[in-house]
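The values are calculated or read from the model by the stated rules, or taken from the named source; none is laboratory data. Small disclaimer: the values here were computed from a predicted structure and weren't measured. Glycine also receives a Cβ, built like all others from the backbone with ideal geometry; neighbour counts cover every protein chain displayed. Accessible surface is based on the protein model in full, side chains and every heavy atom, while ligands, DNA and RNA are left aside. Shrake-Rupley method; radii C 1.70, N 1.55, O 1.52, S 1.80 Å.
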Amino acid sequence: MLLTQLLIQHPAAIVDIVRQTPTWVAGLLAGLLWLGFSAVRTRNLHIGRLVLMPVAMGGMALWGVTSAFHGAGQLAELLALWLVCYAAVLAASWPLRAPHGTRYDAASKRFHLPGSWMPMLLILAIFLMKYAIGVQLAMAPELAANAQFALVVTALYGALSGLTASRALRVLRLAHPRTAHLVASA
């Protein structure tokens with residue numbers, strides 16, 4: 001039975017699912033929520049802090065692919081698919097501007113970013129996807145060998161990772177004088 005079917009037919013099953021979740025997952029979720037909530041308010045960030053979220057979320061997505069499909073015999077192909085989807089989203093977002101109100105201060109080497117809920121949405125999408133797929137595979141381990149399931153999951157992970165990285169990339173381009181005029185906020 002698929003997880004969605006189980007929860008529709010037996011909504012109380014969510015309690016058992018959460019009860020059987022390892023406690024470290026709650027700590028991971030708390031850290032990710034902190035990261036997401038920090039993006040809601042306007043802030044000034046150093047480059048290291050700016051790239052933290054895309055690196056963390058890309059790592060979580062790659063972990064999702066490898067942990068779900070490492071034994072299915074198609075991991076190299078799936079990682080290539082993840083990379084293609086990631087790159088496709090980055091390429092599609094290349095002409096987009098940095099979020100309105102974003103600036104780079106060369107003197108302090110910091111980026112001024114307006115608050116946004118989008119990073120939180122992407123964080124939750126990747127986390128909940130990883131969690132739901134983990135639960136689904138615990139309930140039906142044979143799904144790991146289902147090529148269609150693996151392709152869809154991997155493509156979604158790649159696209160979400162690309163979306164997460166694309167915002168940071170557009171902001172980072174503000175620090176490069178030759179491209180700043182291309183991405184300066186309107």
- Message: Looking for something touching a Leu at 6+ places or on another chain (Cβ under 9 Å), open to solvent by less than 50 Å² (accessible area, probe 1.4 Å), farther than 27 Å from ASN44 by Cα and in contact (Cβ under 8 Å) with a residue 12 or more places away in the chain - is there at least one such residue anywhere in the range 112-132?
- Response: yes
- How many residues are under 11 Å from the mean Cα position of the chain (by Cα) and open to solvent by less than 50 Å² (accessible area, probe 1.4 Å) when one looks only at the range 37-59? 6
- Task: Determine whether GLY134 is under 21 Å from the mean Cα position of the chain (by Cα) and modelled with pLDDT of 95 or more.
- Result: no
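Looking at the range 87-98, can you tell me whether even one residue there is in contact with a Pro (Cβ under 7 Å, 6 or more places away or on another chain), in a loop (DSSP other than H, G, I, E, B) and under 20 Å from GLY48 (Cα atoms)? First the steps, then the outcome.
The first filter runs over the range 87-98 and keeps only residues in contact with a Pro (Cβ under 7 Å, 6 or more places away or on another chain), leaving none.
So far as the range 87-98 goes, no, none of its residues is in contact with a Pro (Cβ under 7 Å, 6 or more places away or on another chain), in a loop (DSSP other than H, G, I, E, B) and under 20 Å from GLY48 (Cα atoms).
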- Residues (of a type in the set (Gly, Ala, Ser) and under 19 Å from THR21 (Cα atoms)) located in the range 137-151: ALA138, ALA140
- Message: As an exercise: evaluate ILE126 against (1) in contact with a helix residue (DSSP H, G or I) (Cβ under 6 Å, 6 or more places away or on another chain); (2) modelled with pLDDT of 90 or more and give the number of the one condition it does not meet.
- Response: (2)
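May I ask you to say which residue of LEU182, LEU169 is over 20 Å from THR66 (Cβ atoms), at pLDDT below 90 and touching a Pro at 6+ places or on another chain (Cβ under 9 Å)? Lay out the reasoning, then the answer.
Details: LEU169 fails: at pLDDT below 90.
After ruling out the rest, the residue left standing is LEU182.
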- Message: Given the criteria open to solvent by less than 30 Å² (accessible area, probe 1.4 Å), of a type in the set (Lys, Arg) and within 22 Å of ASN44 (Cα to Cα), does ARG103 qualify?
- Response: no
- Residue tally, condition of a type in the set (A, V, I, L, M, F, W, C), open to solvent by 30 Å² or more (accessible area, probe 1.4 Å) and either free of Cβ contacts under 8 Å to residues at least 12 places away in the same chain or in contact with a Ser or Thr (Cβ under 7 Å, 6 or more places away or on another chain) (or both), over the range 4-36: 10
- Could you list, in sequence order, the residues of the range 60-86 that are open to solvent by 70 Å² or more (accessible area, probe 1.4 Å) and assigned to a helix (DSSP H, G or I)? TRP63, ALA76, GLU77, LEU83, VAL84
- Message: It is to be established whether one or more residues within the range 101-118 are modelled with pLDDT under 90, at negative phi and not hydrophobic (A, V, I, L, M, F, W, C).
- Response: no
